[in-house]
Amino acid sequence: MSYEISKKIHLDFHTSPDIEGIGSKFDKTQFQNALKEANVQSITLFAKCHHGYTYYPSKAGTMHPHLGFDLLGEQIKAAHEIGVTAPIYIPVGWSHLDSEKHPEWCAVDFYTKKKQYYGCDKENANKPRPETLWSLLCPTGEYLSELEALTEEICERYDPVDGMFFDICFFGPCVCDRCKAEMRKEGLNPENEADAKKHFKKTRIDMMTRLSQIVKKHNANASVFFNGSCTENNDPEILNYQSHFEIEVLPTVYGTFDETDFHCRKLEGFGKEIFGMTARFQHSWGEFGGYKDRNALKYEIANSLSLGAGVCVGDHCHPNGKMDAATYENVGYAYSYMKGIEKYCLGTKRVANVGVVIAEKQEANSGVNTFLLEKHVDYKIVFKPCDLEGVKLLILPDNAIIPDELSSAINDYVKNGGAILASGSSLSGKLNFGIEYFPQEEERYVDYIVPDFDIGLYGSPLLMNIAAYKTSGEKAGFTAHTAIYEPYFTRTNGHFSGHKNTPYREEKSSTAGMWKKNGITFFAHDIFTIYNRFGSSYLRNYISAEFDELYTENPVEIKNFSVVGRVRLRKNEENRFYALHLLYASQCKRQNCYTLEDFPEFYNTEVKLRLPEHITSVENALTGEKINYKTVNGKTVFVIPEWQMHALILIKW
C-alpha cells in the first residue's frame, strides 16, 4: 500500500432549509489556502446532506432552496487546482426531506417494532430537538432507485469522480413492510432475529453492489466506501466491498481511544488502505464553535500512525461556505507533525505473535483488546487458517465465532503445540477440546471466584458480574482450578439483599471457574466482557496469571510502563527497520465528554526487544539522535532518555 494520500478532511455540510445565503462567502482562494496550510491531500465534499438537499443543481434530488450556484462543483474545481482529491458524499440512511415526503421509506427497528421516523408534530415544534436525531430510511425498493439516480447524476456531472462516500449504511435489522414481504418470499421469518439479520445483510450487499457498479462504470479507479462497514460489523463479506476503510471513532463522546486499534487489526488482512477518522470537535459532529485541543488531535493522529493507518479529520463547514480559520490552524499543527514521520509509519506491518478470534459480541472484543493493550502485547485478528502462521498463543474470547474451516485449522494448531486461552461459550461448538457445558439448575446473574493463586485479595472471593457457565473438563483430562462461590439466591424484585448483588455462600460450588490441560486454559466466565464493563485490576491479575504462563515470547518489553501507555512495534521489510511507538496521554472525564490535556514527560524508559535480525543502529526518529544499545541474552536493550506523548524509535538492521 503506497498511501499516496494520507491526510484527509471530511467536510460535513448538513444545513437547514431555513438558513439563507448558502455558500455566499465561499471563496476559492480562501478554501485553497485553508487546505494548503493544513497539509490536506483529500477532502470529502457534500452532494447531499442529512436534511435531504443537494448542493448542486439536481434533477434526481432537490437543491437547497437558498443555494444559487453549483457549490459542490466549485469546491471540486478549487480542490483539484491545488492537487487535492475530492470524493463526494451522499447519505443513505438519513435524509429528512425524503422521510417527510415518503414516510413509507422509513426503516422499522426489529427490536422495538417502531418506525424510526422523527418528524415534528405541531405541539412539540418549539421544544428543543435532541442531538443527532434523524429519521432512518431503508435503502431498498423505490428509495434505492432514487439513490441510484442520484449517484448516476453525480458521476455524469463531475466525471470522473475521485470517489464516493456513502454514509449511514448499517443501522438495522429492518422489518418495514417491504423487508417483511421480501423475507416471507425468501422463506424467512420476520419475527426471527437470525432471519432478520440474514435479510439485512442481503439488502446491504445488494445496495453496495448496485451503487458501486454505477461509480465504477464511470471511473474504475474511483474510491467507494460505505460508512459503518468497518465499525458496525465484523463481517468479511461486507468488508470486501470497500475500496479502503475509514474508521469513524470520536473518542471524546463515543467509542474509546482504543477502539480504532481493534478495528485496524481487524482490517489489516484485507490489504487495503486504512484511515482513522476523528474530528476537530470538542464533543461530537455538527458542533459549531467547539474545538478539540490541538495536542489532543496530535495524539489521535500519532495513535493512527502507530497502527500503520492514515488519518481523516472531520469538520463542519459554516452555511456561508467559508472555511474556519481555527480548525485549519489546529489541523495544520497536527498534520505537520504527521508529515514529518509518516514515512516511518505507513506501509509497515504489525509485529505480533498472539492471535485473537473475533467474538460475536463487541463487548468481548473490546475487553480482550483493552486487556492486551494494557499488557503491552500486540496481537492480530485470526479470520482464516493462514492467519495462524507464527501465532504462539490463540485467544478465543467469550463468544468467539469459529467457522468450520477455522475450527479444523485450530485443532491442527493445538496438535502442533499451539497454546489456547478460551473463555465463556467459545468452546461450546465443534471446537471444544472436551469441555462439556451443562444447564444451570437455576438462573444466576453473578457469582464469585477464589483462584488457586494470589491475585491480591488474600483469598477473599472476587465478584464476577456475569455468572459462569456450568462446565466440566474431567472426561477429557482437564484439571479443575478456581473455586466458584454462588450467591445465596438470585436477586429479584421480590427476593433481594442490600443495595446490589446477593452475598456469597460459604461453601464452594460443585463447578469450577477454570479448566487446564497441556497448553489450553479455559475460563468458565465471560471474562473479557466483564473486564470491558468493570475493569477490575484484580480480574486483570486473574487473567494475566494464566496469560503469562501460556505466553512467554513477547517481542517487546517496556520496564515499569503504565497500563495507560500504549506500545506498538511495526516492521518495514523493504527499508530494513522496525518502528517502535510508545504513546501516553491521561484522559479527563467531563460530564459529557472525554478530553486529553495532560501529556507528562517520561525519562529513561528501558526497552528490550526480541528480534531475529542483527541490529546495526537505534535512533530517535523525532530528533535524529542516535541511541546507545547493547545485546543481552539475545535481546536488543536500550534506554529512551526523554519523551512526551509519542516516542518513535527506529531500530535498523
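The values are calculated or read from the model by the stated rules, or taken from the named source; none is laboratory data. Predicted, not measured: the structure shown is a model, and the values here were computed from it. So basically every Cβ, Gly included, is an ideal-geometry build from the backbone, and we count neighbours across all protein chains shown. Protein only, heavy atoms only, side chains kept; ligands, DNA and RNA dropped before computing areas. Shrake-Rupley method; radii C 1.70, N 1.55, O 1.52, S 1.80 Å.
Give just the number: which of (1) more than 27 Å from L239 (Cβ to Cβ); (2) open to solvent by 10 Å² or more (accessible area, probe 1.4 Å) does S284 not satisfy?
Failed condition: (1).
Tally time: how many residues in the stretch 216-262 are among the β-branched types (V, I, T) and not in a loop (DSSP other than H, G, I, E, B)?
Just the residues of the stretch 216-262 that are among the β-branched types (V, I, T), to begin with: 224, 231, 238, 247, 249, 252-253, 256, 260.
When the remaining residues are screened for being not in a loop (DSSP other than H, G, I, E, B), the result is 224, 238, 247, 260.
Residues that pass the stated criteria total 4.
Which number in (1) farther than 27 Å from D70 by Cβ; (2) over 26 Å from the mean Cα position of the chain (by Cα); (3) of a type in the set (S, T, Y); (4) crowded, with 17+ Cβ neighbours inside 10 Å marks the one condition that Y118 misses?
Looking at each condition in turn, Y118 falls short on (4).
All but one of (1) part of a helix (DSSP H, G or I); (2) surrounded by fewer than 22 Cβ atoms within 10 Å (Cβ to Cβ) hold for P319; which doesn't?
(1)
Just give me the residues in the stretch 513-552 being within 24 Å of K475 (Cβ to Cβ), small (G, A, S) and open to solvent by 10 Å² or more (accessible area, probe 1.4 Å), in sequence order. Can you show your working first?
Residues of the stretch 513-552 that are within 24 Å of K475 (Cβ to Cβ), as a first pass: 513-527, 546, 549-550.
From the residues that got through so far, the ones that are small (G, A, S) too are 513, 519, 524.
Matches in the stretch 513-552: G519 only.
Please list, ordered by residue number, the strands (runs of 3 or more DSSP E) wholly in the stretch 583-653 having 3 or more residues that are among the aliphatic types (A, V, I, L, M) and within 29 Å of the chain's Cα centre (by Cα). Talk me through it step by step, then tell me what you get.
Values: elements: 586-589, 594-598, 601-609, 617-620, 629-632, 635-644, 646-652.
Result: 646-652.
Taking only the stretch 117-166 into account, find how many residues are touching a Ser or Thr at 6+ places or on another chain (Cβ under 6 Å), in a loop (DSSP other than H, G, I, E, B) and either under 15 Å from K59 (Cα atoms) or touching a residue at least 40 places away in the same chain (Cβ under 8 Å) (or both).
Count: 3.
Between K113, K180, which is touching a residue at least 24 places away in the same chain (Cβ under 8 Å) and surrounded by fewer than 21 Cβ atoms within 10 Å (Cβ to Cβ)?
On the way: K180 fails: touching a residue at least 24 places away in the same chain (Cβ under 8 Å).
Only one candidate qualifies: K113.
Quick one: C169 ticks every box in (1) in a loop (DSSP other than H, G, I, E, B); (2) within 30 Å of F13 (Cα to Cα); (3) open to solvent by 10 Å² or more (accessible area, probe 1.4 Å) bar one, so which box is it?
All conditions are met except number (3).
Can you report the number of residues in the stretch 179-203 which are in a helix (DSSP H, G or I) and under 13 Å from D109 (Cα atoms)? Break it down into steps so the answer makes sense when it comes.
Filtering the stretch 179-203 down to residues in a helix (DSSP H, G or I) leaves 179-185, 193-203.
Next, from what is left, pick out any that are under 13 Å from D109 (Cα atoms): 179-180, 193, 196-197, 200.
Within the stretch 179-203, residues that are in a helix (DSSP H, G or I) and under 13 Å from D109 (Cα atoms) number 6.
Please give the number of the condition G340 fails out of (1) part of a helix (DSSP H, G or I); (2) buried (at least 18 other Cβ atoms within 10 Å of the Cβ).
Unmet condition: (2).
Please name all residue pairs, on different chains or six or more residues apart, with Cβ atoms under 9 Å, provided the first residue is in the stretch 274-292 and is without any contact (Cβ under 8 Å) to a residue 40 or more places away in the chain and over 30 Å from N240 (Cβ atoms) and the second residue is β-branched (V, I, T) and part of a loop (DSSP other than H, G, I, E, B).
F281/T252; F281/V253
Report yes if N560 is closer than 30 Å to T252 by Cα and not in a helix (DSSP H, G or I), otherwise no.
On the way: closer than 30 Å to T252 by Cα: yes; not in a helix (DSSP H, G or I): yes.
Yes, satisfied.
Inspect all residues belonging to the stretch 253-271 and state whether any of them is touching a His at 6+ places or on another chain (Cβ under 8 Å) and buried (at least 20 other Cβ atoms within 10 Å of the Cβ). Even if it seems obvious, please write down each step before you answer.
Within the stretch 253-271, the subset touching a His at 6+ places or on another chain (Cβ under 8 Å) is 253.
Now drop any that are not buried (at least 20 other Cβ atoms within 10 Å of the Cβ), which leaves none.
No; the residues of the stretch 253-271 include none that is touching a His at 6+ places or on another chain (Cβ under 8 Å) and buried (at least 20 other Cβ atoms within 10 Å of the Cβ).
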